Amino acid sequence: MYSEAPTTSFSSSGEDVISQAIEVTRDTSANVLSPEQFDAFYEIKRTAKEIVHGDYKRIALQFPDKLLHDSVPIFRRLNKTISELEPESGPSTIRELYVLADTSYGSCCVDEVAAQHANADSIVHYGHACMTQTSRLPAIYVFGQKQIDVERCVTEFMRVFKLDDPGTEQERTVLLRHDVAFTHKADEILRSLSQALSEQVPPIPVLYHEIPNMTYPSSATTTTNPSPQTPNDHDTQTDFPLEHMIIFYVGGESLGLSNLLMTNASCDVYTYNPTTQTALHESATGRTNKMLMRRYVAVQKVRDADVFGILVGTLGVASYLPLISHIRRLLARKQKKSYTISVGKLNPAKLANFLEVECFVLIACPENSLIQDKEFLRPIITPYELEVAMQTEQSWTGRYVLDFEKLLAEAKNTASEEATDDQKVKEEDEGTDSDPDQPVFSLMTGTYRHAKRYGGKHDTETEQRLVSDTSAMVIRNKDDQVAMLDSAAGQFLQQRTYQGLDVRVGENAPSILEQGRNGIARGYQDDR
């Protein structure tokens, strides 16, 4: 008898997903260190002191993929050091450590969701961090200690800075920024840079906002500190406008550098790469303008969209819930349809399941907000780009905002101004929204289109138009009750060419029920 192994041509067993190998570039910085140097590199003693001082009982240790190979020795050394620091008198306190081997969203964010699965009351975050404000748990940061030649760093910056000759017509100042991995050298860089710039004529002051190595949730603090990677539009310490600042960034190519260039397009930005040991005037390369133009194209695509998906890309950044509520209200006011979707880590296949959604708005930390959507079916934008796209007048000065707190503050100010000026709101409502059938010009296609409208004050008119259209009427349930089709997904399915199999109930049905076959396809068993 001929027998052949079953094939999986039509379905997958899922084994390939479990056995799939993930390529990860391991960080081998600590491999050549002695035990004492290893403890200093990962700040074992400082971390243990913070845990004992805060009296934390359940501590989650969050590692990125490239540092997971060091998680076991760190766990053991941290446990040992905590035991040594415990007070000798009184009953010993039981402290439990948990290693988070995977993150729900980006590894740069503090993963409060995964930590709460272990019922943790604090998190120790290892590796690169975006330093966004947490909302629930205190976080202890261990950035690591990348090596840098401070003298070469300042020398290269002064060389490029003098060649560009920024001029002395206006008072200027230098704002020092750096990758968090160089925090241990920040004071040395600041001293050397300040000394070099003080010899200029006139002397140029240097500003620096210290990056904390521990943060507390926003609910536990009276004021929320601004992100160290995002300078304010107006520095309160020196009363100096941001457009007169020169930003000096120390670090390699990263999402943090891209965001710094985007959010500070009006400033001169200089960078120093410790790996290549070269400095560069980024503002003179035109890189910022190219990035802004790509985002401007995404904004124009948004203006043609009527159905939006709000992607929840973080559950730990403070103010993410008020921002989601604000976006919902904004889209509802513009009569757009919105769905709130929590998808974790993004990939094109996952988002392609929502075919009726024409544009996605990503709520994530600043470093994970800018998504290159070439592989995605629909454009993915930031909340600020949505704000720009929803404006009545198509204007954009190049200003870019990624900070949640700043977006909400500006939205609150705008709402209060509109509330005090009823006539302005009335004229706006009587403008493009007065006629639901008014066409809208699209800069992407160069033609006019009829925008779909959901909700709002035109509900009655919309219902009358839908009643006259038989395609808008659907069977609601088995009792043949007729319901209005007021769903973006339902409209999308109704417009498809393929409407599914033609089910003819009652035709060609057997009068007597008969027992069918059972078993698997390779060996059916008949009841006869």
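A few comments on the model shown:
- Relative protection proxy for 40-49, 356-365, from highest mean packing down: 356-365, 40-49 (other beta-carbon atoms within 10 angstrom).
- Between Lys350 and Leu408, the simple label model (points 7 Å from Cα in the Cβ direction) yields a spacing of 2.4 nm.
- Length gained on full extension, Ile94 to Tyr216: 41.6 nm, using 0.36 nm per residue less the C-alpha separation.
- Modelled spin-label separation between Ser266 and Thr392, with each label point placed 7 Å from Cα along the Cα-to-Cβ direction: 2.5 nm.
- Neighbour net charge for Tyr56 - beta-carbon separation under 15 angstrom, K R +1, D E -1: 0
- Packing-based ranking, highest mean first, of 127-138, 99-110 given that Cβ atoms within 10 Å are counted: 127-138, 99-110
- Between Gln277 and Glu514, the simple spin-label model (points 7 angstrom out along Cα→Cβ) gives 8.6 nm.
- Added length on full extension, which subtracts the Cα-Cα distance from 0.36 nm per residue, Lys374 to Leu85: 98.8 nm
- Tensor-based shape of the stretch 291-414 (alpha-carbon gyration tensor, a/c under 1.5 rounded, otherwise prolate or oblate): rounded
- Shape summary: the stretch 35-142 maps onto an equivalent ellipsoid whose semi-axes, from the alpha-carbon gyration tensor, are 22, 17, 12 Å in decreasing order.
- Neighbourhood net charge (15 Å Cβ-Cβ; Lys/Arg +1, Asp/Glu -1) for His117: -3
- Per residue solvent-accessible surface (Å²) - the stretch 291-414, probe of 1.4 Å: 42 Å²
- Which of Thr275, Thr340 is most accessible, then next, and so on - probe 1.4 Å: Thr275, Thr340
- Full extension of the segment from Lys452 to Arg58, taken as 0.36 nm per residue of separation minus the current Cα-Cα distance, would add 136.7 nm.
- Ranking Met214, Met262 from most to least accessible surface, computed with a 1.4 Å probe over the protein chains only, gives Met214, Met262.
- Listed residues Thr81, Thr285 arranged by accessible area, highest first, probe 1.4 Å: Thr285, Thr81
- For Glu253, the accessible surface of its heavy atoms amounts to roughly 130 Å² (probe 1.4 Å, protein chains only, rounded to the nearest 10).
The values are calculated or read from the model by the stated rules, or taken from the named source; none is laboratory data. As the structure is a prediction and not an experimental result, all values here were calculated from the model. Cβ sites come from the backbone with ideal geometry, for glycine too, and all protein chains shown count toward neighbours. The area values use the complete protein model at the heavy-atom level, side chains included, leaving out ligands, DNA and RNA. Shrake-Rupley method; radii C 1.70, N 1.55, O 1.52, S 1.80 Å.
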